[in-house]
């Protein structure tokens, strides 16, 4: 029922699985299809209920010893231009579907033993019999993991492909932000960060005194940045306002808009919210954002909404601090975007009509080489690479090796046909974040080490990953309290302060501390809320 706690729903799902028998061969999740009907016009509530039901299923499956195949059904999550996108059917329902689709992709990467299949049913011609036949086919098929996503459209099974976006404005020399777009009021979340400031500069230069920029940030700007923003306002004539707000939380966004600092300045203009900040769950949130953009595009009288999927950034943003994504050494399949080129691509996408676009920098030679090393890349690019991107056949996996270096080389070799050595740079191996997630799981299974995904992504070479494995397997000394202090120190948390009280601990620090503790005790079941409830480190 709507509004029930997650644990209650998970217990109900677990009971249903128990009643169905000890050996469950497969599970079909229809949460995204039923949420809309349950809550009517409450689109946000329907999306939350669908995500909660899917999470409850994952929680119930984790408590079981078997690993049934999981088919996740959605409708309208995979956009198809031939069907006029999600406008072909009930577009509101696609919001819940896209959010579940995004979360399911993350779950599939983190738990490959579940053999997830993501099936998007046709939004044009809903039919129970046809939908059931599609789901049964997917449940029975031994589909490779690289083809685990499909969309059924007009009785045909389709797989995801990358397609170029027609953007005529890319042909112009030096695209700039359109003056009509820049005029009015803009709220830029993450507005005092590197990307937010760069975008604000473009808007101010194009809009002049017709532009009002509200830069929302959780932190106050530094004195140097405050001076730069004052100069920007003075030189361009734009109104620049910095507002303290956490827009990753609904209450924070509502409070920002309620204060109305920008609206008081130009009450007749439309408010545009440009989201450059991170979110708690990228998979579900990005899927929902794509669907929201498509939904608004289907409503002809609605303001324009564009969802952009970015490649790695150079020098700005989190990706620039991750070595395997941001440094852009020779041979990397995806090259880092500098701010000027990226925003030129954004400007071009704004000139088109598509509600969802990707801005990624790569060249044909690098893409062909990546496809030769990774079959899933070639499948995603379709026939655009021709015969030059033929995938090479991989050999059988080597037996587990004795030392961390050999183990790391062996696992990486299973995920790429390129030669792998300890000094191989990760960015030259054509590995995306989902494949790195799979590598982390394989390394943990082979070695018993507990690894952090971000640590592996931040490694420069395979040898650096091997060192992480070695450090994780090194015997720990001392008792539980020593482990608590060691985990805190590893996250730069003041151990002396924790010995007295945990009351001043922020949620972010508590979450990092909890994850570090989980690495110390892989068999323990730890929860950040219970850690925060402890009065001292001894507790």
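Observations on the model:
- A Förster radius of 45 Å combined with the Cβ-Cβ distance from residue 482 to residue 414 puts the calculated FRET efficiency at roughly 0.80.
- Peptides 10-20, 336-346, 239-249 ranked from most to least packed by the mean count of surrounding Cβ atoms within 10 Å: 336-346, 239-249, 10-20.
- Each peptide among 211-222, 98-109 gets the average number of other Cβ atoms lying within 10 Å of its residues, and from highest to lowest they stand as 98-109, 211-222.
- Taking 0.36 nm per residue of separation and subtracting the Cα-Cα distance, full extension of the segment from residue 455 to residue 249 would add 71.5 nm.
- Prolate/oblate/rounded label for the stretch 404-473 (Cα gyration tensor, a/c 1.5): rounded
- With the simple spin-label model, which puts each label point 7 Å out from Cα in the Cβ direction, the residue 220 to residue 4 separation comes to 4.8 nm.
- The stretch 407-447 shape via C-alpha gyration tensor axes, a/c threshold 1.5: oblate
- When peptides 447-456, 188-197, 110-119 are sorted by average Cβ neighbour count within 10 Å, with the highest value leading, the order is 188-197, 110-119, 447-456.
- Here the spin labels are modelled as points 7 Å beyond Cα on the Cα-Cβ line, and at residue 535 and residue 421 they lie 6.0 nm apart.
Every number here is computed from the coordinates shown, using simple stated rules; none is lab data. It should be emphasised that the depicted structure is a prediction, and the values quoted were computed from it without experimental measurement. Ideal geometry is used to build each Cβ from the backbone, glycine not excepted, and the neighbour counts take in all protein chains shown.
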